[in-house]
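A.B. asks: Quick one: structure below, then a few questions.
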Amino acid sequence: MTYQPLVSVIIPTYNRQIELAELAESLYRQTYKNLQIIIVNDDGPSVDFIQILYPELDIQIINMPQNMKHVHARNRGLKEVKGDFIMLCDDDDLLLPIHVERMLQEIEGFDLVYPDVEIFDYVYENNTRLMTDRFVFAYECHLPAMRKFSTFFSSGCMFRPALIEALGPFDTEVFHYWDWDFFLRTAERFLVKRAPIASVLYAFSQQGNNMSGQHDHMRPYLDLLSVKHQLGELPTKNFFLLLEEPEVKARQAATELIWDGQPIRSRLAK
C-alpha cells in the first residue's frame with residue numbers, strides 16, 4: 001500500500017458558525033482523506049458542535065484563553081502539527097474537493113505551493129452562503145513583483161514543516177500582512193510555486209469589506225513590513241484599485257476553473 005502523507009490543516013476561528021460548518025463540509029468532501037484538522041478557537045463561542053456534526057473528520061479543537069487575533073491563533077495551531085505537510089485555511093474560505101490531492105501533486109520538488117482562488121460575494125439563506133458574484137484571482141508568481149503587490153493567498157497553501165523550523169512562527173508584529181511576510185521570508189530560502197488551479201473559494205462580503213480594510217489602521221503594519229523586507233514605499237490603495245494597475249494586470253494568468261458555483265451546504269444547514 002502506498003504511503004499517504006498526513007496533512008495538518010490549521011484553521012483559526014472566531015464566531016463564524018455557518019462559515020466554519022461549510023469549511024468542515026468542504027474538508028469532508030475532499031478526495032484526499034488523511035487530514036489532521038486543527039481548529040483554534042480564538043476565545044469565541046464554543047465550536048464543539050463541529051465535532052458532533054462531522055464525526056468522520058479528525059478534528060482537534062484548541063481553545064485560546066483570551067482573544068489574541070488570528071496570527072497568534074495560527075501560531076498556536078502550529079504547535080499541534082503532526083503532519084508531513086501543513087495547510088492553512090481561514091474559517092470563512094472553502095476548499096474544492098480535489099484541492100488537497102492537487103496540492104500534494106504540485107508540491108513535489110517544492111517547499112511551498114499555493115493555488116489560485118475564486119473570490120466570491122454572497123448572501124445568507126437558511127444557514128448557507130449563496131454566491132451573488134465571483135471573479136478569478138490568478139497571477140503569475142514573479143518574485144520581484146511580489147515585493148510590490150502580493151498575489152499570495154494563504155488559504156489553501158501547503159508547505160513543509162521544515163519552513164517553520166527554519167523561519168520560526170508567523171510574525172504577529174506585521175499583523176495584517178503576516179501572510180505577505182511569510183511568503184517573502186519563504187521565497188528567500190525555499191522553493192515556492194503557484195499551482196494554476198482555482199481550487200480555493202475566498203469569501204468576500206461587500207457588507208464587511210475584508211479586503212480594502214481600514215487603511216489608516218493598516219498603514220503602520222505595512223510600513224513595518226516594508227522596513228523589515230526593504231520594500232520601499234508601498235501604496236494602501238483599495239484592493240480592487242490595485243488590481244487595475246498596469247503592472248498587476250500584466251501578471252494575470254490562465255488557470256483551471258473547477259467550481260460549478262453551487263453553495264457548499266453544511267450539515268448545520270441540513
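The values are calculated or read from the model by the stated rules, or taken from the named source; none is laboratory data. Because the structure is a prediction, the values reported are computed rather than measured. Here the Cβ is made from the backbone with ideal geometry for all residues, glycine too, and neighbour counts use every protein chain on show. Accessible surface areas use protein heavy atoms only, side chains included; no ligands, DNA or RNA. Shrake-Rupley method; radii C 1.70, N 1.55, O 1.52, S 1.80 Å.
A.B. asks: Between their Cα atoms, which of K193/K270; K69/K237; K33/K270; K69/K148 are more than 31 Å away from each other? Intermediate results must be reported in sequence, preceding the final value.
C.D. replies: Working: K193/K270 38 Å; K69/K237 24 Å; K33/K270 23 Å; K69/K148 26 Å.
With Cα atoms farther than 31 Å apart: K193/K270.
A.B. asks: What Kirkwood hydrodynamic radius do you get for segment 136-270 when you take the inverse of the mean 1/r over all pairs of distinct Cα atoms, in Å? Provide the component values of the computation, followed by the final result.
C.D. replies: Working: mean 1/r = 0.0598 Å⁻¹.
Computed over segment 136-270, the radius equals 16.7 Å.
A.B. asks: Zone of D223 (label point 7 Å along Cα→Cβ, backbone N under 17 Å): which residues in segment 144-188?
C.D. replies: Taking a point 7 Å out along Cα→Cβ of D223, the residues of segment 144-188 whose backbone N falls under 17 Å are 173-177.
A.B. asks: Would you grab the residues whose amide H sits under 5 Å from the one on R134? Only those 5+ places off in sequence or on another chain, please, with H modelled 1.01 Å from N.
C.D. replies: Sorted by chain and number, the residues that satisfy this are D121.
A.B. asks: Something else: With every protein chain left in place, what is the accessible area of Y202 in Å² (1.4 Å probe, nearest 10)?
C.D. replies: Approximately 30 Å² of Y202 is accessible to the 1.4 Å probe.
A.B. asks: Summing -39500 (n - 2.57) over the DSSP H runs of n ≥ 4 in the chain and dividing by its residue number, what mean residue ellipticity at 222 nm do you reach, to the nearest 500 deg cm²/dmol?
C.D. replies: Values: 10 runs with 81 residues, N = 270.
Taken over the chain, the calculation gives -8000 deg cm²/dmol.
A.B. asks: Find me the longest stretch of the chain that has none of the exposed GluC sites (Glu not before Pro), where exposed means in a DSSP loop (not H, G, I, E or B) with at most 12 other Cβ atoms within 10 Å. Before the final figure, lay out the partial values.
C.D. replies: Working: sites that count: E56, E108, E125, E233, E244.
For GluC sites (Glu not before Pro) (loop position, at most 12 other Cβ atoms within 10 Å), the longest site-free span of the chain is 126-232.
A.B. asks: Keeping the other protein chains in place, figure out the carbon and sulfur percent of the accessible area of segment 160-270, with a 1.4 Å probe.
C.D. replies: 51
A.B. asks: For V117, what residues show an amide H to amide H distance below 5 Å, using hydrogens built from the backbone and excluding near sequence neighbours?
C.D. replies: Those qualifying (amide H under 5 Å, at least 5 residues apart or on another chain) are F137.
A.B. asks: What ³J(HN,Hα) values, in whole Hz, does the Karplus curve 6.51 cos²θ - 1.76 cosθ + 1.60 give for segment 46-58 when θ = phi - 60°, with x put for Gly and Pro?
C.D. replies: 3, 10, 4, 4, 5, 5, 6, 5, 10, x, 6, 8, 7
A.B. asks: How much net charge surrounds L57 when only other residues with a Cβ under 14 Å from its Cβ are counted (Lys, Arg +1; Asp, Glu -1)?
C.D. replies: Values: positive: R29, K33, R267; negative: E22, E25, D48, E56, D58.
Taking every other residue near L57 into account, the sum is -2.
A.B. asks: If you don't mind, there's one more thing I want to ask. Go ahead and run the numbers for FRET between L241 and R29, Cβ-Cβ distance against an R0 of 41 Å, rounding to 0.05.
C.D. replies: Working: r = 35 Å, r/R0 = 0.86.
It comes to 0.70.
A.B. asks: Let me ask something additional. When ligands, DNA and RNA are left out and all protein chains stay put, how many square angstrom of accessible area per residue does the chain have with a 1.4 Å probe? If you can, show how the numbers build up before the last one.
C.D. replies: Values: 12400 Å² over 270 residues.
The answer is 46 Å² per residue.
A.B. asks: Let me ask something else. Keeping all protein chains in position, work out how much accessible area H72 exposes to a 1.4 Å probe, and write it in Å² to the nearest 10.
C.D. replies: Counting only protein heavy atoms, H72 exposes about 70 Å² to solvent.
A.B. asks: If I model a spin label as a point 7 Å beyond the Cα along the Cα-Cβ vector, how far apart are those points for I18 and R189 in nm?
C.D. replies: 4.2
A.B. asks: Oh, and also: Just the number, please: carbon plus sulfur as a percent of the accessible area of segment 31-112, 1.4 Å probe, no ligands or DNA/RNA counted. Walk me through the numbers before you get to the answer.
C.D. replies: Values: 1740 of 3470 Å².
So the carbon and sulfur contribution to the accessible surface is 50 percent.
A.B. asks: Would you tell me the accessible area of V136, worked out with a 1.4 angstrom probe on the heavy atoms of the protein chains, in Å² to the nearest 10?
C.D. replies: Ignoring ligands and nucleic acids, V136 comes out at about 60 Å².
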